[in-house]
Amino acid sequence: MDLTLSQGQYDLVYNSFSFVIASMGASLLFFILVRGRVSPRHRMAITLSTIVVGIALYHYVRIFNSWVEAFTYTGGQYVQDGIPFNEAYRYVDWLLTVPLLLAELVVVLKLDSGKTRSLLVRLTVAALAMIIAGYPGELAAPDSTAKVVWGIVGTLPFIYILYVLFVELGNSLGRQAPGVTRLLSGLRWILVITWTVYPIAYFVPAVIDDPVTAEVLRQVGYSVADVLAKPLFGLLVLAIALAKSRDEGYLEPGEPDLSSPEKGRQASTV
Ligand code: RET
């Protein structure tokens, strides 16, 4: 069915995509520049953030172009009679970035290697199952049973991910330094709140009768959620990696070591 959007509705989605491109590009640059401030032991988490926003930057450029190609401007309105809007970019993006985001959280914890591997495997499998189940549902008619069934199938691994993050990881939080524990618990909450926007955006077309409003809300919802789940999440992971680096006595390049007057003098004269 061809949707007809007012100029305001079309522009809202267009500008949301443009905002995401700017956010991903800026955070890509920022994560590259800030890398040296984190100790080598915690750099993997920053590397993962950098890759995540890089992948998203690429996909949002494609999503943006696909949106532009899908519509023609006639009589003051935008009619969706062009090349079909490609919903798959979003899902391919998630397929890559969601396991990487979960890995970011796991590697910054620095648990023992057996526990890390087990968490990475289980969280990755659950994330892939969730996204693969969501895709056919995304393409199904808004009021179809298929949309609801695939949505429920995708929600089961989602609940499993939340269970692992809250129940299993909760036990290891106590073993981190107090400042780090606070940041980590904030990180988990950000993850839960922002990730819940996705299933809500998915079900919007099933509950809102007007297909145009539903489409605009869904695209804007996913875009806002992506900025919170990738750049904002990456910034919090960076804060944790920096706090841990400092706790472990890592000095940023060029920073004098003030912990001993002797070393401080040496560092400042280098
Ligand atoms: C779907 C539909 C099926 C039910 C559920 C979903 C959840 C998707 C989520 C996506 C998260 C994406 C992120 C991307 C960012 O980089 C697949 C929409 C529960 C949680 C974090």
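The values are calculated or read from the model by the stated rules, or taken from the named source; none is laboratory data. Computed from a prediction, not measured in an experiment: that's the story for all the values here. Cβ placement follows ideal geometry from the backbone for every residue including glycine, while neighbour counts extend to all protein chains displayed.
Structure notes:
- Matching option when the condition is touching a helix residue (DSSP H, G or I) at 6+ places or on another chain (Cβ under 7 Å), part of a helix (DSSP H, G or I), at pLDDT 95 or above and surrounded by fewer than 16 Cβ atoms within 10 Å (Cβ to Cβ), among Ser18, Ser49, Ser23, Ser27: Ser18
- Within segment 136-183, the set of residues being over 19 Å from Val197 (Cα atoms) and not in a helix (DSSP H, G or I) comprises Ala140, Ala141, Asp143, Ser144, Gly174, Arg175, Gln176, Ala177.
- Among the residues making up segment 180-192, those that are within 15 Å of the ligand (Cβ to nearest atom), among the hydrophobic types (A, V, I, L, M, F, W, C) and touching a helix residue (DSSP H, G or I) at 6+ places or on another chain (Cβ under 8 Å) are Leu187, Ile190, Leu191, Val192.
- Residues satisfying the stated conditions in segment 219-233, i.e. among the small types (Gly, Ala, Ser), near the ligand (Cβ under 10 Å from one of its atoms) and closer than 16 Å to Ala26 by Cα: Ala229
- Residue in segment 238-259 that is modelled with pLDDT of 90 or more and within 14 Å of the ligand (Cβ to nearest atom) present: no
- Annotation note: of Leu102, Leu119, the sole residue that is away from the ligand (no atom under 16 Å from the Cβ), over 30 Å from Leu251 (Cβ atoms) and buried (at least 18 other Cβ atoms within 10 Å of the Cβ) is Leu119.
- Hey, Leu183 at pLDDT below 90 and surrounded by 14 or more Cβ atoms within 10 Å (Cβ to Cβ) or not: yes
- Of all the criteria given as (1) touching a strand residue (DSSP E or B) at 6+ places or on another chain (Cβ under 7 Å); (2) of a type outside the set (Gly, Ala, Ser); (3) part of a helix (DSSP H, G or I), the one not satisfied by Leu5 is (3).
- Just one of (1) modelled with pLDDT of 90 or more; (2) surrounded by fewer than 14 Cβ atoms within 10 Å (Cβ to Cβ) fails for Gln266. It is (1).
- Check on Ala177, crowded, with 16+ Cβ neighbours inside 10 Å and more than 16 Å from the ligand (Cβ to nearest atom): no
- Residues of segment 149-166 satisfying the condition of being near the ligand (Cβ under 9 Å from one of its atoms) and either surrounded by fewer than 18 Cβ atoms within 10 Å (Cβ to Cβ) or among the acidic types (Asp, Glu) (or both): Ile152, Val153, Thr155, Leu156, Ile159
- All conditions but one from (1) within 16 Å of the ligand (Cβ to nearest atom); (2) among the small types (Gly, Ala, Ser); (3) within 23 Å of Ser18 (Cα to Cα) apply to Gly76; the one that does not is (1).
- Filtered by the rule that a residue be among the small types (Gly, Ala, Ser) and either touching a Leu at 6+ places or on another chain (Cβ under 9 Å) or not in a helix (DSSP H, G or I) (or both), segment 30-46 gives Ser39, Ala45.
- Residues in segment 52-87 that are free of Cβ contacts under 8 Å to residues at least 24 places away in the same chain, in a loop (DSSP other than H, G, I, E, B) and either touching a Cys at 6+ places or on another chain (Cβ under 7 Å) or farther than 27 Å from Ser27 by Cα (or both): Gly75, Gly82, Ile83, Pro84.
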